[in-house]
Amino acid sequence: MIIGSICHSSVFFSVNLANIKKISCKIVSFFSLDIIYYFYGLYLFHFKVFFSKTVTPMKNLNFQKLLENNHLWIQEKLNEDSDYFEKLSKGQSPRYLMIGCSDSRVPITSLIKAEAGEVFIHRNIANQVNLNDINLLSVLEYSVEHLHIKHIVVIGHYNCGGIAAAVDGVNQGLIENWVSPVNELYYKHKEELSLIEDNHTMCDRLSEINVIEQAINIIKTPILKRAFKSGQFPKIHAWIFDIYTGKIVQQDLKENSLIENGLLPKNYFEVVNSEN
Ligand SMILES: [Zn+2]
């Protein structure tokens, strides 16, 4: 009986000990969380007090916030340089033309930390360089012949909705027409692409193929051909914005083979390396 009571007591005690441990763990974790929340609250408070002039990130950004952020941005710029807008209004001489996708997750100037006046930009769905697109051709002509830009970058990105639309062919409406050149690229490279089992990975590979093709389309325009004849021309690049990591991945344009088949002039490297 005594042994039984001892056993019972020890079981009772060990159960209680386990409960006490659980409860104390809960108390500790509750207070730990409370402490974390407390310091997090303090951090937010101090962040708000000391860095309230920072432009709010694009989360739940309502329309009024856009105008408030504009006011904050003006203040930031004037704090850096009181003549900022006076200088900005004088004119532009950007070194770069970038042709990118319209996707809101590809903030072209932000991801290379470029300032106003540094990048001339054209955007459309799936960063197409269509030789009949008067909008793009006007941008290209102006930037090459008047701004004398030094680099043209076509920038595509992974997880591109335009590329997926071209592959799936489920979109109804104008977008289907717009991305039809990508659909043609898909069939042109189907032998390679069909080896990739995962659909997302396959679309990302098609984004790479697409950005290279569009950069070559730039080279094929009469505007670039005129520039090549004049002896002063920009360097052409194809980039992919890796949306999963934020990194820019340069694609190989294989310029030597483009020189061999006559698309790029023989002195291409000589000019672009000395000019840029
Ligand atoms: Zn896109």
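The values are calculated or read from the model by the stated rules, or taken from the named source; none is laboratory data. Nothing here was measured: the structure is a model prediction, and the numbers come from that model. Counting neighbours? That spans all protein chains shown, and the Cβs are built from the backbone with ideal geometry, glycine included.
Condition first: among the hydroxyl-bearing types (S, T, Y) and either closer than 10 Å to P234 by Cα or away from the ligand (no atom under 15 Å from the Cβ) (or both). Now tell me which residues in segment 142-158 satisfy that.
Y142, S143
Output yes when any residue across segment 159-167 is under 15 Å from N217 (Cβ atoms), of a type in the set (A, V, I, L, M), at pLDDT below 95 and surrounded by 15 or more Cβ atoms within 10 Å (Cβ to Cβ), and no when none is.
no
In this structure, does Y142 turn out to be touching a strand residue (DSSP E or B) at 6+ places or on another chain (Cβ under 9 Å), hydroxyl-bearing (S, T, Y) and closer than 26 Å to F228 by Cα?
Yes; evaluated as a whole, the condition is true for this residue.
For segment 105-128: of the residues being under 26 Å from Q232 (Cα atoms) and of a type in the set (D, E, K, R), which is nearest to the ligand (Cβ to nearest atom)?
Result: R123.
Any idea which of (1) among the hydroxyl-bearing types (S, T, Y); (2) more than 16 Å from the ligand (Cβ to nearest atom); (3) modelled with pLDDT under 95 is the one S180 doesn't satisfy?
Unmet condition: (2).
Restricting to helices (runs of 4 or more DSSP H) lying wholly in segment 159-251: which have 3 or more residues that are touching a residue at least 60 places away in the same chain (Cβ under 8 Å) and more than 23 Å from the chain's Cα centre (by Cα)?
By residue number, 222-230.
Would you please name the residue that is nearest to E145 (Cα to Cα), looking only at residues in segment 42-89 that are modelled with pLDDT of 95 or more and basic (K, R)?
Only one residue tops the list, namely K87.
Among the residues of segment 62-104, which ones are of a type in the set (S, T, N, Q), more than 16 Å from the ligand (Cβ to nearest atom) and assigned to a loop (DSSP other than H, G, I, E, B)?
N62, S82, S89, Q92, S93
Inside segment 80-132, can you point out the residues that are among the charged types (D, E, K, R) and touching a His at 6+ places or on another chain (Cβ under 9 Å)?
Selection gives R95, D103, R105.
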